[in-house]
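Novice: First the structure, which I've put down as C-alpha cells, then a few questions once you've had a look.
The values are calculated or read from the model by the stated rules, or taken from the named source; none is laboratory data. For clarity, every value in this text was computed on a predicted model and none was experimentally measured. Glycine also receives a Cβ, built like all others from the backbone with ideal geometry; neighbour counts cover every protein chain displayed. Ligands, DNA and RNA are stripped out before the accessible areas are found, and what is left, the full protein with its side chains, is counted by its heavy atoms. Shrake-Rupley method; radii C 1.70, N 1.55, O 1.52, S 1.80 Å.
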Amino acid sequence: DILELLARAYLINGQHRDSAELFKRLSLSRAESFEIWYGLGAALSRLEEFAEAVAAFENAVELNALHAESWSGLGRALHACGRIEEARSTLDTALKVSPECSETWYNLGLIESDQGRLAEAVGCFEKAAKANPQFAPIWNNLGTVLLRSGKLKESRRAYETALELKPDYNTPRHG
C-alpha cells in the first residue's frame with residue numbers, strides 16, 4: 001500500500017508528525033494490521049507521545065505476539081511513562097520471543113541504568129552491542145554506565161566506539 005510506504009518513509013526520514021498522522025489514518029481502515037500499529041507506536045514514541053504509543057504498541061502485540069520489536073517498543077514507551085515494572089515485564093516477554101533482539105537489550109539496559117543497577121545495565125548493553133555492533137547509542141550508553149561504575153578505560157573504549165560510528169556525538173549522554 002502506497003500510504004503505508006509513505007508513512008514508513010516519513011518515519012525513517014525524521015518526519016515523525018507526518019508519519020504518525022498517516023499511520024493513524026491507516027489504522028482506521030487496516031485495524032487488523034500489526035505493522036500499522038507498530039509504525040504508529042514508533043512514530044508516536046519519536047514524538048515523545050508515550051501514552052498514545054503504549055496504546056498503539058498494545059494493539060500491535062495483541063495482533064502479533066511474536067513481533068519482538070513491538071514488545072520492545074511497548075516496553076520503552078511504558079518506561080517513558082514511568083511504568084517501570086510493566087516495562088521490565090514487557091521487555092522480558094520480548095526476550096522470550098527473540099533472545100537476540102538488540103533493541104530489547106538496549107531498552108532493558110536503559111531501565112537498569114535508570115534504576116542504578118549498573119552491573120545489570122552493562123550486561124544488557126553488552127548483549128545489545130553483540131547483536132548490533134553498529135548502533136552508536138548502545139556504545140554511548142555502555143560508556144556512560146561504565147563511567148558511573150568507575151571503569152574508566154572500558155568507558156573510554158565504549159565512547160570511542162560510539163564516536164567512530166557516529167562522529168557527531170559531541171558529548172557522552174544517556175538515552
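Novice: Determine the pairs where a residue that is within 22 Å of Gly116 (Cβ to Cβ), located within the range 149-163, has a partner that is charged (D, E, K, R) with Cβ atoms under 9 Å apart, the partner being 6 or more residues away or on another chain.
Specialist: Going by the 9 Å Cβ cut-off, the qualifying pairs are Ser155/Arg148.
Novice: Is it the case that some residue within the range 30-41 is of a type outside the set (A, V, I, L, M), open to solvent by 40 Å² or more (accessible area, probe 1.4 Å) and under 21 Å from Trp105 (Cβ atoms)?
Specialist: Checking the range 30-41: at least one residue is of a type outside the set (A, V, I, L, M), open to solvent by 40 Å² or more (accessible area, probe 1.4 Å) and under 21 Å from Trp105 (Cβ atoms).
Novice: Scan (1) without any contact (Cβ under 8 Å) to a residue 24 or more places away in the chain; (2) hydroxyl-bearing (Ser, Thr, Tyr); (3) in contact with a Lys or Arg (Cβ under 7 Å, 6 or more places away or on another chain) for the single condition Thr90 breaks and write down its number.
Specialist: Just one mismatch for Thr90, condition (3).
Okay, residues lined up against (1) within 23 Å of Leu74 (Cα to Cα); (2) of a type in the set (A, V, I, L, M, F, W, C); (3) touching a helix residue (DSSP H, G or I) at 6+ places or on another chain (Cβ under 9 Å):
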position	(1), (2), (3)
Asp114	yes, no, yes
Cys124	yes, yes, yes
Asn132	yes, no, yes
Asn140	yes, no, yes
Gly143	no, no, yes
Leu146	no, yes, yes
Tyr159	no, no, yes
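Novice: Against the definition (assigned to a helix (DSSP H, G or I), open to solvent by less than 10 Å² (accessible area, probe 1.4 Å) and within 25 Å of Ser113 (Cα to Cα)), how does Phe57 come out, yes or no?
Specialist: Criteria met by Phe57.
Novice: Now, a different point. Find the helices (runs of 4 or more DSSP H) located wholly in the range 87-175 whose residues include 3 or more that are more than 26 Å from Leu66 (Cα to Cα) and either basic (Lys, Arg) or open to solvent by 10 Å² or more (accessible area, probe 1.4 Å) (or both), and list them.
Specialist: 118-131, 136-148, 152-165
Novice: Continuing with the same structure: Does Leu47 count as of a type in the set (A, V, I, L, M, F, W, C), closer than 23 Å to Ala9 by Cα and open to solvent by 10 Å² or more (accessible area, probe 1.4 Å)? Don't jump to the end; show me each part of the working.
Specialist: Details: of a type in the set (A, V, I, L, M, F, W, C): yes; closer than 23 Å to Ala9 by Cα: yes; open to solvent by 10 Å² or more (accessible area, probe 1.4 Å): yes.
When the stated conditions are applied, Leu47 passes them.
Novice: Can you report the number of residues in the range 60-86 which are surrounded by fewer than 17 Cβ atoms within 10 Å (Cβ to Cβ), of a type outside the set (Val, Ile, Thr) and part of a helix (DSSP H, G or I)?
Specialist: Number satisfying all stated conditions: 3.
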